[in-house]
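J.: Mind having a look at this structure? Questions to follow.
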Amino acid sequence: MPTLGKNVEYALHSLVYLVGTPKGSTITIRDLAKFQNISESYLAKVFTKLKKGKIVRSNIGVKGGYALARAADEITFLDVVLAVEGELSFFECKGIRDKCVILDQANLPWKRGDVCTIHQVMIEAENKIRETLRGKNVKWLYDTINNKVSPKLQANILGWFNTNVFRV
């Protein structure tokens, strides 16, 4: 089964930290990578895709960095997947039924436009995956994580960003 790689994981984890960014502030790739202890160059490539997908915006200069390009509740998981991985297909029909030795190759029923039954099931599965990803957004992720972690950890996270990023 195809898998969504670390591009998606890096993107979603990083976007969570942008949700709580004070108004008018941005966070650099360097700070996000340092906080998460991940590759800065790899994360920069992910953010290039997120920017191209209009999920984040960037500022250059002394106050340079990234912020969400739109409200967190408007950025779905599917938006993120499509931005960083591109259009994906769950199943690629290779048309092996066309090669069956006992069929009349000139009058194959599916050549009249019928979708292969196997392919149809895979399309249904892909649609359910897309529906699930469309139903979750970055704000939901932010709220869910904050409801799971202790207030002490939340304070430590906020403290790290205030000390190292926003210099509050």
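J.: Is it fair to say ILE96 is touching an Asp or Glu at 6+ places or on another chain (Cβ under 8 Å) and either surrounded by 15 or more Cβ atoms within 10 Å (Cβ to Cβ) or modelled with pLDDT under 85 (or both)?
T.: Taking the combined requirement at face value, the residue does not satisfy it.
J.: Checking the condition within 30 Å of GLN120 (Cβ to Cβ), in contact with a strand residue (DSSP E or B) (Cβ under 8 Å, 6 or more places away or on another chain) and among the hydrophobic types (A, V, I, L, M, F, W, C), which residue from PHE77, PHE47, PHE91 passes? So that I can check it myself, show each step before the final result.
T.: Numbers: PHE47 fails: within 30 Å of GLN120 (Cβ to Cβ); PHE91 fails: in contact with a strand residue (DSSP E or B) (Cβ under 8 Å, 6 or more places away or on another chain).
Unique residue meeting the criteria: PHE77.
J.: Check SER25 against each of (1) over 30 Å from GLU124 (Cβ atoms); (2) at pLDDT 95 or above and name the one condition it does not meet.
T.: (2)
J.: Shifting gears a bit: Going through the stretch 133-143 one residue at a time, which ones are surrounded by 12 or more Cβ atoms within 10 Å (Cβ to Cβ) and not aliphatic (A, V, I, L, M)? Explain how you work it out, then say what you get.
T.: First, pick out the residues of the stretch 133-143 that are surrounded by 12 or more Cβ atoms within 10 Å (Cβ to Cβ): 133-134, 136-143.
The answer is ARG134, LYS136, ASN137, LYS139, TRP140, TYR142, ASP143.
J.: I'd like the residue in the stretch 46-67 that is within 16 Å of SER25 (Cα to Cα) and of a type in the set (Lys, Arg) and, out of all such residues, is modelled with the highest pLDDT.
T.: ARG57
J.: So, one more: Which residues, counting only those in the stretch 140-168, are modelled with pLDDT of 95 or more and either within 30 Å of PHE91 (Cα to Cα) or in contact with a strand residue (DSSP E or B) (Cβ under 7 Å, 6 or more places away or on another chain) (or both)?
T.: Once the filter is applied, which keeps residues that are modelled with pLDDT of 95 or more and either within 30 Å of PHE91 (Cα to Cα) or in contact with a strand residue (DSSP E or B) (Cβ under 7 Å, 6 or more places away or on another chain) (or both), the stretch 140-168 yields TRP140, LEU141.
The values are calculated or read from the model by the stated rules, or taken from the named source; none is laboratory data. Computed from a prediction, not measured in an experiment: that's the story for all the values here. When we count neighbours, we look across all protein chains shown, and the Cβ atoms used for this are built from the backbone with ideal geometry, even at glycine.
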